[in-house]
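A short write-up of the structure that comes next.
The values are calculated or read from the model by the stated rules, or taken from the named source; none is laboratory data. Because the structure is a prediction, the values reported are computed rather than measured. For neighbour counting, all protein chains shown are included, and Cβ atoms are generated from backbone atoms with ideal geometry for every residue, glycine included. In case anyone asks, the SASA skips ligands and DNA or RNA and just uses the protein heavy atoms, side chains included. Shrake-Rupley method; radii C 1.70, N 1.55, O 1.52, S 1.80 Å.
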Amino acid sequence: MLVFFGCLALLLGSLAFRAYVWYVVVGSFFLLSFVSLFNVGVCGWWFGGSLFSLDLVSSCMVTLSLWLGALMLLANWGVYLSMDGSKSFLAVVVFLIFTLLLGFSVDNFFGFYIFFELSLVPTFFLIVGWGYQPERLGASMYMVLYTVGASLPLLGCLLFCWGEQGHLSFHLAFVLCKHGFGGEAFFFFFVLAFLVKVPVFFVHLWLPKAHVEAPVAGSMILAGVLLKLGGYGLVRAVGKLAGLVSFGGEKYLALVLWGGVLTGVVCVRQVDMKSLIAYSSIGHMGLFVGGILGDNVWGWQGGLGMLLGHGLCSSAMFALANVAYESAGTRSMLLVKGFLSFFPFLAFLWFLVCSSNMAAPPSLNLVSEILLFVSILGGCWLWAFPLGLLSFLGGAYSLYLYTSGQHGGFVSSCQAYLPAKSRSFLMILCHWLPLNALFLSSGRIVDFVS
(Lines give C-alpha, C1' and ligand atoms only; values in the text may rest on other atoms or scores of the structure.)
Protein backbone atom coordinates (compact mmCIF):
# COMPACT_ATOMS: atom_id res chain seq x y z
CA MET A 1 0.00 0.00 0.00
CA LEU A 2 2.79 2.44 0.90
CA VAL A 3 4.48 1.84 -2.44
CA PHE A 4 1.38 2.66 -4.50
CA PHE A 5 0.36 5.72 -2.53
CA GLY A 6 3.97 6.91 -2.63
CA CYS A 7 4.08 6.53 -6.41
CA LEU A 8 0.74 8.36 -6.74
CA ALA A 9 2.11 11.22 -4.61
CA LEU A 10 5.15 11.38 -6.92
CA LEU A 11 2.87 11.61 -9.94
CA LEU A 12 0.96 14.54 -8.46
CA GLY A 13 4.17 16.19 -7.24
CA SER A 14 5.78 15.98 -10.68
CA LEU A 15 2.83 17.92 -12.07
CA ALA A 16 2.72 20.53 -9.32
CA PHE A 17 6.32 21.39 -8.42
CA ARG A 18 9.33 22.38 -10.46
CA ALA A 19 12.41 22.95 -8.29
CA TYR A 20 14.38 19.84 -7.30
CA VAL A 21 11.49 17.55 -8.25
CA TRP A 22 13.81 15.25 -10.25
CA TYR A 23 16.01 14.71 -7.21
CA VAL A 24 12.96 13.96 -5.06
CA VAL A 25 11.46 11.52 -7.58
CA VAL A 26 14.70 9.59 -8.15
CA GLY A 27 15.38 9.31 -4.43
CA SER A 28 11.79 8.29 -3.76
CA PHE A 29 11.90 5.58 -6.42
CA PHE A 30 15.02 4.11 -4.84
CA LEU A 31 13.44 4.29 -1.39
CA LEU A 32 10.18 2.69 -2.55
CA SER A 33 12.09 -0.12 -4.26
CA PHE A 34 13.79 -0.93 -0.95
CA VAL A 35 10.42 -0.81 0.83
CA SER A 36 8.91 -3.16 -1.74
CA LEU A 37 11.63 -5.73 -1.00
CA PHE A 38 9.78 -6.57 2.22
CA ASN A 39 6.85 -7.82 0.10
CA VAL A 40 8.97 -10.28 -1.92
CA GLY A 41 7.75 -13.80 -1.22
CA VAL A 42 4.88 -12.57 0.97
CA CYS A 43 1.42 -13.23 -0.46
CA GLY A 44 -1.21 -10.67 0.43
CA TRP A 45 -4.53 -9.25 -0.66
CA TRP A 46 -5.78 -5.74 -0.11
CA PHE A 47 -8.68 -3.49 -1.10
CA GLY A 48 -11.11 -6.18 0.01
CA GLY A 49 -9.20 -9.02 -1.61
CA SER A 50 -11.00 -8.46 -4.92
CA LEU A 51 -8.90 -5.91 -6.80
CA PHE A 52 -5.20 -6.25 -6.01
CA SER A 53 -2.91 -8.91 -4.61
CA LEU A 54 0.78 -9.71 -4.46
CA ASP A 55 2.73 -12.94 -4.74
CA LEU A 56 6.38 -13.71 -5.45
CA VAL A 57 6.31 -12.97 -9.20
CA SER A 58 4.27 -9.76 -8.96
CA SER A 59 6.24 -8.38 -6.00
CA CYS A 60 9.53 -9.02 -7.86
CA MET A 61 8.18 -7.17 -10.89
CA VAL A 62 7.04 -4.25 -8.71
CA THR A 63 10.52 -3.93 -7.20
CA LEU A 64 12.14 -4.15 -10.65
CA SER A 65 9.83 -1.43 -12.03
CA LEU A 66 10.63 1.00 -9.21
CA TRP A 67 14.38 0.38 -9.41
CA LEU A 68 14.52 0.83 -13.18
CA GLY A 69 12.28 3.88 -12.93
CA ALA A 70 14.94 5.65 -10.89
CA LEU A 71 17.74 4.50 -13.19
CA MET A 72 15.99 5.63 -16.36
CA LEU A 73 15.64 9.13 -14.90
CA LEU A 74 19.37 9.11 -14.09
CA ALA A 75 20.08 8.05 -17.67
CA ASN A 76 18.05 10.99 -19.03
CA TRP A 77 19.40 13.61 -16.66
CA GLY A 78 20.27 15.70 -19.70
CA VAL A 79 16.57 16.38 -20.20
CA TYR A 80 16.49 17.95 -16.74
CA LEU A 81 19.64 19.99 -17.36
CA SER A 82 18.37 21.32 -20.68
CA MET A 83 14.92 22.08 -19.20
CA ASP A 84 13.45 21.08 -22.56
CA GLY A 85 10.11 19.59 -21.55
CA SER A 86 11.62 18.14 -18.38
CA LYS A 87 8.39 18.51 -16.38
CA SER A 88 6.36 16.69 -19.04
CA PHE A 89 9.02 13.99 -19.38
CA LEU A 90 9.02 13.37 -15.64
CA ALA A 91 5.22 13.19 -15.51
CA VAL A 92 5.14 10.67 -18.38
CA VAL A 93 7.78 8.46 -16.73
CA VAL A 94 6.10 8.50 -13.31
CA PHE A 95 2.70 7.77 -14.88
CA LEU A 96 4.23 4.84 -16.79
CA ILE A 97 5.78 3.38 -13.63
CA PHE A 98 2.49 3.83 -11.74
CA THR A 99 0.60 2.03 -14.54
CA LEU A 100 3.10 -0.83 -14.47
CA LEU A 101 2.77 -1.19 -10.70
CA LEU A 102 -1.00 -1.47 -11.02
CA GLY A 103 -0.66 -3.95 -13.88
CA PHE A 104 1.68 -6.22 -11.92
CA SER A 105 -0.49 -6.08 -8.78
CA VAL A 106 -3.98 -6.50 -10.17
CA ASP A 107 -5.84 -9.64 -9.15
CA ASN A 108 -7.64 -10.67 -12.36
CA PHE A 109 -7.10 -10.93 -16.10
CA PHE A 110 -9.48 -8.13 -17.07
CA GLY A 111 -7.79 -5.57 -14.83
CA PHE A 112 -4.42 -6.74 -16.12
CA TYR A 113 -5.66 -6.31 -19.69
CA ILE A 114 -6.66 -2.69 -18.97
CA PHE A 115 -3.29 -1.71 -17.51
CA PHE A 116 -1.51 -3.86 -20.12
CA GLU A 117 -2.98 -1.63 -22.83
CA LEU A 118 -2.77 1.60 -20.83
CA SER A 119 1.01 1.26 -20.58
CA LEU A 120 1.23 1.86 -24.35
CA VAL A 121 0.05 5.47 -23.98
CA PRO A 122 3.03 6.88 -22.02
CA THR A 123 5.42 4.72 -24.06
CA PHE A 124 3.98 6.22 -27.24
CA PHE A 125 4.53 9.74 -25.88
CA LEU A 126 8.10 8.90 -24.84
CA ILE A 127 9.01 7.73 -28.34
CA VAL A 128 7.20 10.51 -30.21
CA GLY A 129 8.10 13.37 -27.86
CA TRP A 130 11.73 12.58 -27.06
CA GLY A 131 12.81 10.21 -29.85
CA TYR A 132 15.96 10.70 -31.91
CA GLN A 133 14.97 10.30 -35.55
CA PRO A 134 12.17 11.57 -37.84
CA GLU A 135 10.98 7.95 -38.21
CA ARG A 136 9.93 7.83 -34.54
CA LEU A 137 6.25 8.36 -35.40
CA GLY A 138 6.26 5.36 -37.73
CA ALA A 139 8.06 3.25 -35.13
CA SER A 140 5.52 4.15 -32.44
CA MET A 141 2.66 3.31 -34.81
CA TYR A 142 4.29 -0.07 -35.49
CA MET A 143 4.31 -0.72 -31.74
CA VAL A 144 0.68 0.34 -31.26
CA LEU A 145 -0.69 -1.62 -34.24
CA TYR A 146 1.18 -4.80 -33.34
CA THR A 147 0.30 -4.80 -29.65
CA VAL A 148 -3.27 -3.49 -29.83
CA GLY A 149 -4.13 -5.67 -32.84
CA ALA A 150 -2.90 -8.80 -31.07
CA SER A 151 -4.73 -7.84 -27.86
CA LEU A 152 -8.22 -7.80 -29.40
CA PRO A 153 -8.42 -11.63 -29.63
CA LEU A 154 -7.34 -11.75 -25.97
CA LEU A 155 -10.28 -9.55 -25.02
CA GLY A 156 -12.65 -11.93 -26.80
CA CYS A 157 -11.12 -14.92 -25.01
CA LEU A 158 -11.45 -13.16 -21.65
CA LEU A 159 -15.14 -12.43 -22.27
CA PHE A 160 -15.67 -16.07 -23.23
CA CYS A 161 -13.93 -17.25 -20.04
CA TRP A 162 -16.06 -14.85 -17.99
CA GLY A 163 -19.20 -16.37 -19.48
CA GLU A 164 -17.99 -19.95 -18.99
CA GLN A 165 -16.29 -19.69 -15.59
CA GLY A 166 -17.95 -16.69 -13.97
CA HIS A 167 -14.58 -15.21 -12.93
CA LEU A 168 -11.22 -14.08 -14.32
CA SER A 169 -9.18 -14.34 -11.13
CA PHE A 170 -5.54 -15.37 -11.11
CA HIS A 171 -6.11 -17.43 -7.97
CA LEU A 172 -9.12 -19.56 -9.00
CA ALA A 173 -9.00 -22.52 -11.35
CA PHE A 174 -10.11 -22.45 -14.99
CA VAL A 175 -11.91 -25.57 -16.19
CA LEU A 176 -12.17 -25.32 -19.98
CA CYS A 177 -13.31 -28.47 -21.77
CA LYS A 178 -11.76 -27.87 -25.18
CA HIS A 179 -10.03 -30.44 -27.33
CA GLY A 180 -8.58 -30.71 -30.81
CA PHE A 181 -8.43 -27.71 -33.10
CA GLY A 182 -10.76 -25.67 -30.89
CA GLY A 183 -8.42 -25.99 -27.92
CA GLU A 184 -5.36 -25.09 -30.02
CA ALA A 185 -7.09 -22.03 -31.50
CA PHE A 186 -8.31 -20.80 -28.11
CA PHE A 187 -4.85 -21.15 -26.55
CA PHE A 188 -3.24 -19.37 -29.52
CA PHE A 189 -5.56 -16.37 -29.40
CA PHE A 190 -5.29 -16.19 -25.60
CA VAL A 191 -1.48 -16.01 -25.54
CA LEU A 192 -0.97 -14.12 -28.83
CA ALA A 193 -1.01 -10.71 -27.16
CA PHE A 194 1.66 -11.82 -24.69
CA LEU A 195 3.82 -13.39 -27.40
CA VAL A 196 3.73 -10.09 -29.32
CA LYS A 197 4.57 -8.10 -26.22
CA VAL A 198 7.47 -10.38 -25.18
CA PRO A 199 8.10 -10.58 -28.29
CA VAL A 200 8.90 -13.83 -30.09
CA PHE A 201 10.18 -14.27 -33.61
CA PHE A 202 7.75 -13.48 -36.49
CA VAL A 203 5.92 -10.86 -34.40
CA HIS A 204 9.02 -8.95 -33.34
CA LEU A 205 9.38 -6.30 -36.04
CA TRP A 206 7.99 -3.51 -33.88
CA LEU A 207 10.65 -3.97 -31.18
CA PRO A 208 13.86 -3.03 -33.08
CA LYS A 209 12.09 -0.06 -34.65
CA ALA A 210 10.80 1.19 -31.30
CA HIS A 211 14.20 0.74 -29.63
CA VAL A 212 16.16 2.50 -32.36
CA GLU A 213 13.87 5.53 -32.38
CA ALA A 214 13.17 5.75 -28.63
CA PRO A 215 15.21 7.84 -26.18
CA VAL A 216 17.33 5.93 -23.71
CA ALA A 217 14.53 6.08 -21.11
CA GLY A 218 12.14 4.49 -23.57
CA SER A 219 14.63 1.76 -24.47
CA MET A 220 15.41 1.03 -20.82
CA ILE A 221 11.77 0.78 -19.81
CA LEU A 222 10.86 -1.21 -22.94
CA ALA A 223 13.58 -3.79 -22.38
CA GLY A 224 13.58 -3.69 -18.59
CA VAL A 225 9.90 -3.70 -17.68
CA LEU A 226 7.45 -3.48 -20.60
CA LEU A 227 8.66 -6.73 -22.17
CA LYS A 228 8.38 -8.28 -18.72
CA LEU A 229 4.73 -7.23 -18.68
CA GLY A 230 4.18 -9.63 -21.58
CA GLY A 231 6.24 -12.31 -19.83
CA TYR A 232 4.25 -11.84 -16.62
CA GLY A 233 0.99 -12.19 -18.55
CA LEU A 234 2.29 -15.35 -20.21
CA VAL A 235 3.17 -16.81 -16.80
CA ARG A 236 -0.36 -16.13 -15.59
CA ALA A 237 -1.99 -17.43 -18.77
CA VAL A 238 -0.03 -20.69 -18.95
CA GLY A 239 -0.66 -21.25 -15.25
CA LYS A 240 -4.42 -21.04 -15.81
CA LEU A 241 -4.51 -22.88 -19.18
CA ALA A 242 -2.11 -25.67 -18.28
CA GLY A 243 -4.48 -28.27 -19.72
CA LEU A 244 -4.32 -26.60 -23.15
CA VAL A 245 -0.53 -26.26 -23.33
CA SER A 246 -0.18 -29.85 -24.51
CA PHE A 247 -2.13 -28.98 -27.66
CA GLY A 248 0.64 -28.03 -30.07
CA GLY A 249 3.20 -27.15 -27.40
CA GLU A 250 6.01 -28.54 -29.56
CA LYS A 251 5.06 -26.12 -32.35
CA TYR A 252 5.45 -23.12 -30.08
CA LEU A 253 8.71 -24.47 -28.72
CA ALA A 254 10.16 -24.99 -32.20
CA LEU A 255 9.06 -21.49 -33.19
CA VAL A 256 10.62 -19.66 -30.25
CA LEU A 257 13.88 -21.67 -30.20
CA TRP A 258 14.62 -21.45 -33.90
CA GLY A 259 13.47 -17.84 -33.86
CA GLY A 260 16.04 -17.21 -31.14
CA VAL A 261 18.73 -18.86 -33.29
CA LEU A 262 17.81 -16.71 -36.30
CA THR A 263 17.84 -13.51 -34.25
CA GLY A 264 21.26 -14.51 -32.93
CA VAL A 265 22.51 -14.72 -36.52
CA VAL A 266 20.94 -11.33 -37.20
CA CYS A 267 22.73 -9.89 -34.15
CA VAL A 268 26.21 -10.75 -35.40
CA ARG A 269 25.43 -8.86 -38.63
CA GLN A 270 24.28 -5.63 -36.98
CA VAL A 271 26.21 -2.37 -37.11
CA ASP A 272 23.91 -0.32 -34.84
CA MET A 273 24.42 -0.97 -31.12
CA LYS A 274 20.78 -0.44 -30.15
CA SER A 275 19.54 -2.74 -32.93
CA LEU A 276 21.90 -5.48 -31.77
CA ILE A 277 20.75 -5.19 -28.16
CA ALA A 278 17.10 -5.16 -29.25
CA TYR A 279 17.48 -8.33 -31.34
CA SER A 280 19.35 -10.03 -28.49
CA SER A 281 16.28 -9.48 -26.29
CA ILE A 282 14.20 -11.49 -28.75
CA GLY A 283 16.53 -14.47 -28.42
CA HIS A 284 16.56 -14.36 -24.61
CA MET A 285 12.80 -14.01 -24.40
CA GLY A 286 12.40 -16.94 -26.80
CA LEU A 287 14.29 -19.08 -24.31
CA PHE A 288 12.04 -17.76 -21.54
CA VAL A 289 8.87 -18.64 -23.47
CA GLY A 290 10.18 -22.14 -24.18
CA GLY A 291 10.82 -22.76 -20.48
CA ILE A 292 7.40 -21.46 -19.43
CA LEU A 293 5.63 -23.64 -22.01
CA GLY A 294 7.39 -26.64 -20.49
CA ASP A 295 4.93 -26.18 -17.58
CA ASN A 296 7.19 -27.59 -14.86
CA VAL A 297 8.88 -26.26 -11.73
CA TRP A 298 12.28 -25.83 -13.43
CA GLY A 299 10.66 -23.71 -16.13
CA TRP A 300 8.84 -21.47 -13.63
CA GLN A 301 12.01 -20.97 -11.59
CA GLY A 302 14.15 -20.21 -14.63
CA GLY A 303 11.45 -17.97 -16.10
CA LEU A 304 11.34 -15.76 -13.01
CA GLY A 305 15.14 -15.57 -12.96
CA MET A 306 15.20 -14.66 -16.66
CA LEU A 307 12.62 -11.89 -16.15
CA LEU A 308 14.73 -10.31 -13.42
CA GLY A 309 18.16 -10.95 -14.98
CA HIS A 310 17.26 -9.82 -18.48
CA GLY A 311 15.41 -6.79 -17.14
CA LEU A 312 18.54 -5.51 -15.41
CA CYS A 313 21.08 -6.65 -18.02
CA SER A 314 19.32 -5.36 -21.15
CA SER A 315 18.54 -2.04 -19.48
CA ALA A 316 22.24 -1.68 -18.57
CA MET A 317 23.27 -2.42 -22.15
CA PHE A 318 20.94 0.26 -23.54
CA ALA A 319 22.26 2.72 -20.95
CA LEU A 320 25.85 1.92 -22.00
CA ALA A 321 24.92 2.35 -25.66
CA ASN A 322 23.53 5.79 -24.78
CA VAL A 323 26.75 6.71 -22.94
CA ALA A 324 28.73 5.73 -26.06
CA TYR A 325 26.36 7.78 -28.23
CA GLU A 326 26.72 10.85 -26.02
CA SER A 327 30.50 10.51 -26.09
CA ALA A 328 31.11 9.70 -29.77
CA GLY A 329 27.96 11.14 -31.38
CA THR A 330 27.13 7.88 -33.18
CA ARG A 331 25.85 4.39 -32.44
CA SER A 332 27.57 2.74 -35.40
CA MET A 333 29.99 0.02 -34.35
CA LEU A 334 32.02 0.80 -37.46
CA LEU A 335 32.82 4.26 -36.08
CA VAL A 336 32.84 3.75 -32.30
CA LYS A 337 36.28 2.28 -31.64
CA GLY A 338 39.02 2.42 -29.06
CA PHE A 339 37.07 3.27 -25.91
CA LEU A 340 39.51 1.08 -23.98
CA SER A 341 42.30 3.60 -24.63
CA PHE A 342 40.26 6.65 -23.61
CA PHE A 343 37.89 5.38 -20.88
CA PRO A 344 39.28 2.18 -19.30
CA PHE A 345 36.71 2.14 -16.48
CA LEU A 346 33.86 2.50 -18.96
CA ALA A 347 35.35 -0.38 -20.99
CA PHE A 348 35.48 -2.41 -17.77
CA LEU A 349 31.74 -1.76 -17.23
CA TRP A 350 31.08 -2.86 -20.81
CA PHE A 351 32.96 -6.09 -20.06
CA LEU A 352 30.94 -6.75 -16.89
CA VAL A 353 27.58 -6.18 -18.57
CA CYS A 354 28.42 -8.11 -21.76
CA SER A 355 29.71 -11.05 -19.72
CA SER A 356 26.45 -11.04 -17.75
CA ASN A 357 24.52 -10.96 -21.03
CA MET A 358 26.27 -14.14 -22.19
CA ALA A 359 25.33 -15.81 -18.85
CA ALA A 360 28.82 -15.88 -17.36
CA PRO A 361 29.05 -16.39 -13.59
CA PRO A 362 28.18 -14.87 -11.17
CA SER A 363 25.26 -13.43 -13.15
CA LEU A 364 21.64 -14.35 -12.41
CA ASN A 365 21.34 -15.10 -16.14
CA LEU A 366 23.53 -18.18 -15.62
CA VAL A 367 21.17 -19.70 -13.06
CA SER A 368 18.07 -18.90 -15.08
CA GLU A 369 19.47 -20.31 -18.33
CA ILE A 370 20.55 -23.56 -16.64
CA LEU A 371 17.07 -23.99 -15.18
CA LEU A 372 15.43 -23.21 -18.53
CA PHE A 373 17.73 -25.63 -20.37
CA VAL A 374 16.76 -28.41 -17.94
CA SER A 375 13.07 -27.55 -18.33
CA ILE A 376 13.19 -27.70 -22.13
CA LEU A 377 15.46 -30.74 -22.41
CA GLY A 378 13.29 -32.60 -19.92
CA GLY A 379 10.60 -32.80 -22.60
CA CYS A 380 12.80 -33.97 -25.47
CA TRP A 381 16.56 -34.20 -26.05
CA LEU A 382 16.13 -33.11 -29.67
CA TRP A 383 15.98 -29.51 -28.46
CA ALA A 384 19.66 -29.74 -27.45
CA PHE A 385 20.83 -28.63 -30.91
CA PRO A 386 18.91 -25.31 -31.13
CA LEU A 387 19.65 -24.64 -27.46
CA GLY A 388 23.37 -25.13 -28.11
CA LEU A 389 23.24 -22.78 -31.08
CA LEU A 390 21.28 -20.25 -29.04
CA SER A 391 23.86 -20.31 -26.26
CA PHE A 392 26.81 -20.12 -28.67
CA LEU A 393 25.36 -17.20 -30.62
CA GLY A 394 24.56 -15.40 -27.35
CA GLY A 395 28.23 -15.49 -26.45
CA ALA A 396 29.27 -14.58 -30.00
CA TYR A 397 27.24 -11.39 -30.33
CA SER A 398 28.05 -10.33 -26.76
CA LEU A 399 31.77 -10.59 -27.55
CA TYR A 400 31.18 -8.82 -30.87
CA LEU A 401 29.42 -5.96 -29.10
CA TYR A 402 32.23 -5.60 -26.58
CA THR A 403 35.23 -5.88 -28.90
CA SER A 404 33.78 -3.67 -31.65
CA GLY A 405 33.43 -0.65 -29.39
CA GLN A 406 36.27 -1.07 -26.90
CA HIS A 407 39.13 -2.42 -29.01
CA GLY A 408 40.69 -1.05 -32.14
CA GLY A 409 42.17 2.29 -33.11
CA PHE A 410 40.73 5.78 -32.90
CA VAL A 411 38.52 6.62 -35.91
CA SER A 412 39.67 9.84 -37.57
CA SER A 413 36.11 10.86 -38.49
CA CYS A 414 35.35 11.34 -34.78
CA GLN A 415 37.11 14.54 -33.79
CA ALA A 416 37.07 13.81 -30.04
CA TYR A 417 35.34 11.64 -27.48
CA LEU A 418 33.48 13.57 -24.81
CA PRO A 419 34.17 12.28 -21.28
CA ALA A 420 31.49 10.19 -19.62
CA LYS A 421 29.77 11.57 -16.54
CA SER A 422 30.26 10.01 -13.11
CA ARG A 423 26.47 9.80 -12.94
CA SER A 424 26.61 7.32 -15.83
CA PHE A 425 29.08 5.10 -13.99
CA LEU A 426 26.82 5.07 -10.92
CA MET A 427 23.83 4.18 -13.06
CA ILE A 428 25.58 1.19 -14.68
CA LEU A 429 26.82 -0.09 -11.33
CA CYS A 430 23.27 0.13 -9.99
CA HIS A 431 22.28 -2.26 -12.79
CA TRP A 432 25.17 -4.68 -12.40
CA LEU A 433 25.33 -5.00 -8.61
CA PRO A 434 21.71 -6.20 -8.12
CA LEU A 435 22.09 -8.53 -11.10
CA ASN A 436 24.94 -10.34 -9.38
CA ALA A 437 23.62 -9.96 -5.85
CA LEU A 438 20.51 -11.85 -6.93
CA PHE A 439 22.79 -14.71 -7.95
CA LEU A 440 23.65 -15.18 -4.28
CA SER A 441 19.96 -15.32 -3.33
CA SER A 442 18.86 -17.47 -6.28
CA GLY A 443 18.38 -20.47 -3.97
CA ARG A 444 15.85 -18.52 -1.94
CA ILE A 445 13.92 -17.59 -5.11
CA VAL A 446 13.95 -21.23 -6.20
CA ASP A 447 12.59 -22.33 -2.83
CA PHE A 448 9.77 -19.77 -3.04
CA VAL A 449 8.73 -20.89 -6.53
CA SER A 450 8.90 -24.54 -5.52
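Note on the range 96-118: among residues that are over 14 Å from Tyr232 (Cα atoms) and either of a type in the set (Val, Ile, Thr) or part of a loop (DSSP other than H, G, I, E, B) (or both), the one that is most open to solvent (accessible area, probe 1.4 Å) is Ile114.
Could you look through the range 119-169, keep only residues that are assigned to a helix (DSSP H, G or I) and in contact with a Pro (Cβ under 7 Å, 6 or more places away or on another chain), and pick out the one that is most open to solvent (accessible area, probe 1.4 Å)? For the range 119-169, the residue satisfying everything is Trp130. Within the range 343-370, residues that are closer than 15 Å to Gly302 by Cα reach partners that are among the aromatic types (Phe, Trp, Tyr) and not in a loop (DSSP other than H, G, I, E, B) with beta carbons closer than 8 Å, at six or more positions or on different chains, in the pairs Ser363/Phe439; Leu364/Phe439; Leu366/Phe439; Val367/Phe439.
In this structure, Val367 does not satisfy being of a type in the set (A, V, I, L, M, F, W, C), assigned to a helix (DSSP H, G or I) and surrounded by fewer than 23 Cβ atoms within 10 Å (Cβ to Cβ). What do you reckon, is Val265 open to solvent by 20 Å² or more (accessible area, probe 1.4 Å), touching a helix residue (DSSP H, G or I) at 6+ places or on another chain (Cβ under 7 Å), in a helix (DSSP H, G or I) and closer than 20 Å to Gly394 by Cα? Yes, satisfied. Name every residue in the range 292-342 that is assigned to a loop (DSSP other than H, G, I, E, B) and open to solvent by less than 20 Å² (accessible area, probe 1.4 Å), in order of residue number. Matches in the range 292-342: Met333, Val336, Gly338.
Mind checking which residues of the range 397-413 are open to solvent by 60 Å² or more (accessible area, probe 1.4 Å) and among the small types (Gly, Ala, Ser)? Scanning the range 397-413 gives Ser412, Ser413. Is it true that Val256 is open to solvent by 10 Å² or more (accessible area, probe 1.4 Å), in a helix (DSSP H, G or I) and either of a type in the set (A, V, I, L, M) or under 29 Å from Asp55 (Cα atoms) (or both)? Here the answer is no, as Val256 does not meet what is asked. Scanning the range 272-330 for residues that are of a type in the set (Ser, Thr, Tyr) and in contact with a Gly (Cβ under 6 Å, 6 or more places away or on another chain) yields one hit, Ser315. A search for C-beta distances below 7 Å between a residue of the range 377-396 that is open to solvent by 60 Å² or more (accessible area, probe 1.4 Å) and any residue that is among the hydroxyl-bearing types (Ser, Thr, Tyr) and modelled with pLDDT of 90 or more, counting only pairs 6+ apart in sequence or on different chains, returns nothing.
Every residue, every condition in (1) farther than 30 Å from Ala254 by Cα; (2) modelled with pLDDT of 85 or more; (3) touching a Lys or Arg at 6+ places or on another chain (Cβ under 6 Å), yes or no:
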residue	(1), (2), (3)
Gly379	no, no, no
Leu393	no, yes, no
Pro419	yes, no, no
Trp432	yes, yes, no
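Whether a residue is out of contact with any helix residue (DSSP H, G or I) (no Cβ under 7 Å at 6 or more places or on another chain), more than 17 Å from Phe202 (Cβ to Cβ) and not aromatic (Phe, Trp, Tyr) was assessed, and Gly309 does not pass this test. Filter the range 236-249 down to residues that are surrounded by fewer than 23 Cβ atoms within 10 Å (Cβ to Cβ) and either in a loop (DSSP other than H, G, I, E, B) or modelled with pLDDT of 80 or more (or both), then give me how many there are. The total comes to 5.
Restricting the range 64-89 to residues that are within 24 Å of Ala223 (Cβ to Cβ) and open to solvent by 20 Å² or more (accessible area, probe 1.4 Å), the residue that is modelled with the highest pLDDT is Trp67. Residues in the range 290-321 that are more than 13 Å from the chain's Cα centre (by Cα) and at negative phi: 15 in all.
Is at least one residue of the range 180-191 touching a helix residue (DSSP H, G or I) at 6+ places or on another chain (Cβ under 7 Å), in contact (Cβ under 8 Å) with a residue 24 or more places away in the chain, open to solvent by 10 Å² or more (accessible area, probe 1.4 Å) and not polar (S, T, N, Q)? Yes: one or more hits. Every test in (1) within 23 Å of Leu71 (Cβ to Cβ); (2) open to solvent by 40 Å² or more (accessible area, probe 1.4 Å); (3) in contact with a helix residue (DSSP H, G or I) (Cβ under 6 Å, 6 or more places away or on another chain) is passed by Phe345 save one, and that test is (3).
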